[in-house]
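Here's the structure we're looking at; comments come further down.
The values are calculated or read from the model by the stated rules, or taken from the named source; none is laboratory data. Here the structure is a predicted model, which means the values were calculated and not measured. Cβ placement follows ideal geometry from the backbone for every residue including glycine, while neighbour counts extend to all protein chains displayed.
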Amino acid sequence: MARAPCENTNMLLRDLQLKFGGERLGEVTRPLEGVGTIERATESEITFLANPKYRTVLAGTHAGAVILSEKERDATTKPRIVVSNPYAYFARVAQLFSPPISFMAGVHASAVIGSRARVAASASIAEFVSIGDDVVIGENVRIGAGSVIGNNVSIANDTHLVARVTVYANCKIGARNLIHAGVVIGADGFGFAPDFNHGEGQWQKIPQTGRVLIGDDVEIGANTTIDRGAMDDTVIGNDVKLDNQIQVGHNCVIGDHTVISGCVGIAGSTKIGKRVMIGGKAGIIGHLTIGDDVIVSAMTLVTKSILKAGTYTSGTPLMPHREWLKNAAHLRRLDLMANKIRLSANKMEEGE
Amino acid sequence: MARAPCENTNMLLRDLQLKFGGERLGEVTRPLEGVGTIERATESEITFLANPKYRTVLAGTHAGAVILSEKERDATTKPRIVVSNPYAYFARVAQLFSPPISFMAGVHASAVIGSRARVAASASIAEFVSIGDDVVIGENVRIGAGSVIGNNVSIANDTHLVARVTVYANCKIGARNLIHAGVVIGADGFGFAPDFNHGEGQWQKIPQTGRVLIGDDVEIGANTTIDRGAMDDTVIGNDVKLDNQIQVGHNCVIGDHTVISGCVGIAGSTKIGKRVMIGGKAGIIGHLTIGDDVIVSAMTLVTKSILKAGTYTSGTPLMPHREWLKNAAHLRRLDLMANKIRLSANKMEEGE
Amino acid sequence: MARAPCENTNMLLRDLQLKFGGERLGEVTRPLEGVGTIERATESEITFLANPKYRTVLAGTHAGAVILSEKERDATTKPRIVVSNPYAYFARVAQLFSPPISFMAGVHASAVIGSRARVAASASIAEFVSIGDDVVIGENVRIGAGSVIGNNVSIANDTHLVARVTVYANCKIGARNLIHAGVVIGADGFGFAPDFNHGEGQWQKIPQTGRVLIGDDVEIGANTTIDRGAMDDTVIGNDVKLDNQIQVGHNCVIGDHTVISGCVGIAGSTKIGKRVMIGGKAGIIGHLTIGDDVIVSAMTLVTKSILKAGTYTSGTPLMPHREWLKNAAHLRRLDLMANKIRLSANKMEEGE
């Protein structure tokens, strides 16, 4: 929904070079009309080589041109652009060929707008959108169909809520965000005090009165949820990229440029640094600190703070189930096994 | 929402046999009005025995009749039908007693329909549905309340989007699908190129211009998300069954008849074969190939391609936490332990 | 959305004592206007000390008053209240300062209400809400924007569906529930009978004709899904607290006061007792029984019934990835390793 192929963009390699720089070797015989993967690009498309593993595939590509690194400059004889970061260069070229779809400014007749809400004239509010009191909607903001924006929310310029997004009261969303369908921002954090006496009683809710504050250039994937703070706020930095179905607990802080893959769960009050990368389905328990530039592997459970940059992992390797059964049984007696080894070693020493 | 008990269906065992075949032993004294579990079925309901574990429970059933296999033909003296696949037979009988709910064709007055959209006269478009430009909606399609259908989407005959489903632009959905509430089809895949230099810079978005193509007879559970392809398409085969809260990354391909349980995450570009079964909360990393008839256990992380049919598992067995603490500590020194064993063995050999 | 700071509440410590009891030591010099964390509370806010770990932080707090336990009564000289359960006391005080937001009774003009639906005059039905036939909505119930309520649903007094909640036909929701955005209650359970013959055929759907029955005082987090029963019902007890993005399979039964953290998946037909606590991202396979007062650690996979109270864990500890690689490799040959140890031990015994 965010981008569409632009039918009238025709580019020579020289045009790309003028826009984005790089060293050009050769020129295409017909103008480029888009981008493609090495395997499927056509003669009118440009592709890229970032991973040397794909060098052999490059030989068979039908792409009209290639973006590659200095090291791979002679990996093809096709017209090409040589740059230090082929993948980022390719991203810019792809963006050029897929400019943002134009949209109509204005508020759909069916939308419900609260009292004292200020919606920029350049903004677009789609059908069945509910906007609360005192909301501020910036320039060129798009709020997609079926979204619900609570009281006193602010959404800065050029942000796009695609469809069916919910933002609870008082949350603040920065500029140039892309927030996908089904996202829920600012639901109550999970906070209850046990109030039981001899088995009687019930959980007492801690009112969740903090907010969610989201920086600029953030992307949030479909059905991801970010809870509001209990008393203080939940904070998402600038240029943070969250994939689908991530859960961010109350009072978490996520640093700039951090990237989190799908289905990750982060429990409350955990602080995550800058440029952290978290693999899919990982979990991080609450009240931890994860330092800058840490990498967490897929499906890893982080149970203690990680202050030193590097890659961290938990879990066991994949096995055929029969082998797993044989091996996993010993995990239940690993301590016994360790004791036996110690005893053997001791005996042997005695025997010497 | 999809089915309702049909109050006027009264069936003898003979009627079922006529419709669905099987060998009939005896006849019910009062007509059957529905299906039930072995434990709770009443005299006017029919039940089934598929798992021999439940044979002892069968003795106490109040069901009026039983569907069972050749092997279990004498496990009860009740009126019964003997078939090769009692569970599938039972499913057909249950479907007979719970026919699809009838619905009114037509477009609700509140629905917003885009330009050049073609909606079959037999289709039903509920309240607060938003349908984009150039959309094609087939015969008997139902689009439930609050759904958002992007531009140029097509939805084939007899498909049912229950409520609050989002389908992004250009995606194609086959016939006879059942898509549950909160599903998001075609949100952007997670693709960003790092564009940092000495700590400065930001992530460059790779425009996600592919589509999601979904086959026929697919069921998709509540709040599941299927991302659109980056350049090529994400493809879901025929008769694929996806449970709730599954995440399918961009450019994945899922083969016919594959069944995936709840909360599974599949990273981008992974190809999954036919008749694959994936247990709940499993994860599959990106760019892998999973062959036909592979079974992945619950909460298993698949980190490499699996070409051979069979069951695959990772993870550790459940333990009381105290035992786990004692055993798990050794996982951090398993390599040391292995060395010690090797040393002992060597010493012993020397000593011999 | 559920609560807002109440600007006119000004309380002395004595007022709190009058309302909630406890032993009072001293009095605030200026009235209390709210609650805060130990680190951030201001002079006009009250905080609490429940975890002795924070005793050192207490020295630096700017809070005007503190709630603490008998054991910690002298941990500060500030005005304070001494009680047996400081956290629960704090919760009550916080609730006092954040009373439920008032709302307007009535049905928004855009809402669609089915035939024979009974909506209490004190209830509030927001914009773009769809309510089916024969629905019963109790006193003071709030149904937030974009919610979809199926036929024959009942929702008891004082329950609040925040926004974009889907409740499928025939489900029953108790009193004083708080159900967050994106929740789906009553979607079809995942039940299909394989009906293949020599590779031909397809999955046969088992119609999911049971309901979801939810007790009183339940909270359900954003984007959580609870499937309807296959034939019998899925049942959620009283005072159950479910965090975000939880999946509850068909025919599960969850006992009173049980608390489940985010991203947990529970497969079908599992029975969970009372006061059970399940950590984030844990999984429980189907057809199990989990007894009262069991605690399941984060990301643990429960593969068999747990009848005895206590804490249970699976998984492996976090390691730097290099260490993990060295150690994890041995998990594939743990059985061999165990054999070697046994052989060594035997040899040694022979040698003795």
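For A:S122, the conditions (1) surrounded by fewer than 24 Cβ atoms within 10 Å (Cβ to Cβ); (2) of a type in the set (S, T, Y); (3) within 12 Å of chain C (Cβ to nearest Cβ) are fulfilled apart from (3).
In the range B:242-261, what residues are touching a Ser or Thr at 6+ places or on another chain (Cβ under 8 Å) and either facing chain C (nearest Cβ under 9 Å) or of a type in the set (A, V, I, L, M) (or both)?
If the condition is that a residue be touching a Ser or Thr at 6+ places or on another chain (Cβ under 8 Å) and either facing chain C (nearest Cβ under 9 Å) or of a type in the set (A, V, I, L, M) (or both), then B:L242, B:D243, B:N244, B:Q245, B:I246, B:V248, B:V253 are the ones that fit.
Residues in the range B:161-208 that are out of contact with any helix residue (DSSP H, G or I) (no Cβ under 8 Å at 6 or more places or on another chain) and either of a type in the set (F, W, Y) or within 7 Å of chain A (Cβ to nearest Cβ) (or both): B:R164, B:T166, B:Y168, B:A169, B:G182, B:V184, B:A187, B:D188, B:F190, B:F196, B:Q202, B:W203.
Tell me, which residue of the range A:48-79 that is in contact (Cβ under 8 Å) with a residue 40 or more places away in the chain and in a strand (DSSP E or B) is farthest from A:R14 (Cα to Cα)? Residue satisfying both the conditions and the ranking: A:F48. The set of residues from the range A:161-187 being free of Cβ contacts under 8 Å to residues at least 60 places away in the same chain, in a loop (DSSP other than H, G, I, E, B) and not β-branched (V, I, T) comprises A:R164, A:A169, A:N170, A:C171, A:A175, A:R176, A:N177, A:A181, A:G182.
Taken over the range C:44-61, residues that are loosely packed, with under 15 Cβ neighbours inside 10 Å and either aromatic (F, W, Y) or more than 20 Å from A:A193 (Cα to Cα) (or both) amount to 4. Beta carbons closer than 7 Å, at least 6 apart along the sequence or on distinct chains, pair a first residue in the range C:89-116 that is closer than 16 Å to A:M231 by Cβ with a second that is assigned to a loop (DSSP other than H, G, I, E, B) and β-branched (V, I, T) for C:A91/A:I206; C:A94/A:I206; C:L96/C:T9; C:F97/C:T9; C:S98/A:T209.
Among the residues making up the range A:259-276, those that are out of contact with any Asp or Glu (no Cβ under 8 Å at 6 or more places or on another chain), surrounded by fewer than 24 Cβ atoms within 10 Å (Cβ to Cβ) and assigned to a loop (DSSP other than H, G, I, E, B) are A:S269, A:T270. Looking at the range A:261-281, can you tell me whether even one residue there is more than 24 Å from B:T300 (Cα to Cα) and modelled with pLDDT under 95? No, every residue in the range A:261-281 fails to be more than 24 Å from B:T300 (Cα to Cα) and modelled with pLDDT under 95.
Among the residues of the range A:194-246, write down those that are surrounded by fewer than 24 Cβ atoms within 10 Å (Cβ to Cβ), assigned to a loop (DSSP other than H, G, I, E, B), charged (D, E, K, R) and touching a residue at least 40 places away in the same chain (Cβ under 8 Å). A:R211, A:D216, A:D217 - these are the residues of the range A:194-246 that are surrounded by fewer than 24 Cβ atoms within 10 Å (Cβ to Cβ), assigned to a loop (DSSP other than H, G, I, E, B), charged (D, E, K, R) and touching a residue at least 40 places away in the same chain (Cβ under 8 Å).
As a summary of the residue check, A:D133 satisfies the conditions (1) under 26 Å from the mean Cα position of the chain (by Cα); (2) within 21 Å of A:T209 (Cα to Cα) except for the one numbered (1).
Considering every residue within the range C:85-92, establish whether at least one is part of a strand (DSSP E or B), in contact with a helix residue (DSSP H, G or I) (Cβ under 6 Å, 6 or more places away or on another chain), within 14 Å of chain A (Cβ to nearest Cβ) and at pLDDT 95 or above. There is no residue in the range C:85-92 that is part of a strand (DSSP E or B), in contact with a helix residue (DSSP H, G or I) (Cβ under 6 Å, 6 or more places away or on another chain), within 14 Å of chain A (Cβ to nearest Cβ) and at pLDDT 95 or above. Is it the case that B:N238 is more than 7 Å from chain A (Cβ to nearest Cβ), of a type in the set (S, T, N, Q) and under 18 Å from B:R164 (Cα atoms)? Spelling it out, it is not the case that B:N238 is more than 7 Å from chain A (Cβ to nearest Cβ), of a type in the set (S, T, N, Q) and under 18 Å from B:R164 (Cα atoms). Only one entry of B:A117, B:A109 meets the criterion of being surrounded by fewer than 23 Cβ atoms within 10 Å (Cβ to Cβ) and farther than 17 Å from C:I113 by Cα, and that entry is B:A117.
Residues in the range C:31-43 that are surrounded by 14 or more Cβ atoms within 10 Å (Cβ to Cβ) and within 29 Å of the chain's Cα centre (by Cα): C:E33, C:G34, C:V35, C:G36, C:T37, C:I38, C:E39, C:A41. If you go through the range B:297-307 one residue at a time, do you hit one that is within 24 Å of B:R211 (Cα to Cα) and of a type in the set (A, V, I, L, M)? No: zero hits.
In the range A:265-321, the residue that is nearest to the other protein chains (Cβ to nearest Cβ) out of those that are over 16 Å from the mean Cα position of the chain (by Cα), among the small types (G, A, S) and closer than 24 Å to A:I226 by Cα is A:A267. Every listed requirement among (1) surrounded by 20 or more Cβ atoms within 10 Å (Cβ to Cβ); (2) at pLDDT below 95 is met by B:I137 save one, (2). Applying the set (1) of a type outside the set (D, E, K, R); (2) buried (at least 24 other Cβ atoms within 10 Å of the Cβ); (3) in a strand (DSSP E or B) to B:V82 leaves exactly one unmet item: (2).
Look at the range A:17-38: where a residue is outside any loop (DSSP other than H, G, I, E, B) and a partner is aromatic (F, W, Y), sitting 6+ places away or on another chain with Cβ atoms under 7 Å, you get A:F20/A:Y89; A:G34/A:F97; A:V35/A:F90; A:V35/A:F97. Looking across the range A:286-338, the residues that are of a type in the set (D, E, K, R) and more than 19 Å from A:S261 (Cα to Cα) come down to A:K304, A:K308, A:R322, A:E323, A:K326, A:R332, A:R333, A:D335. Output yes when any residue across the range A:282-290 is crowded, with 24+ Cβ neighbours inside 10 Å, part of a loop (DSSP other than H, G, I, E, B) and at positive phi, and no when none is. Looking for residues that are crowded, with 24+ Cβ neighbours inside 10 Å, part of a loop (DSSP other than H, G, I, E, B) and at positive phi, one finds none in the range A:282-290, hence no. All conditions in (1) under 29 Å from B:Y168 (Cα atoms); (2) at pLDDT below 95; (3) not aromatic (F, W, Y) hold for A:A63, with the sole exception of (2). A count restricted to the range C:209-229 and to residues that are touching a His at 6+ places or on another chain (Cβ under 6 Å) and within 8 Å of chain B (Cβ to nearest Cβ) stands at 1.
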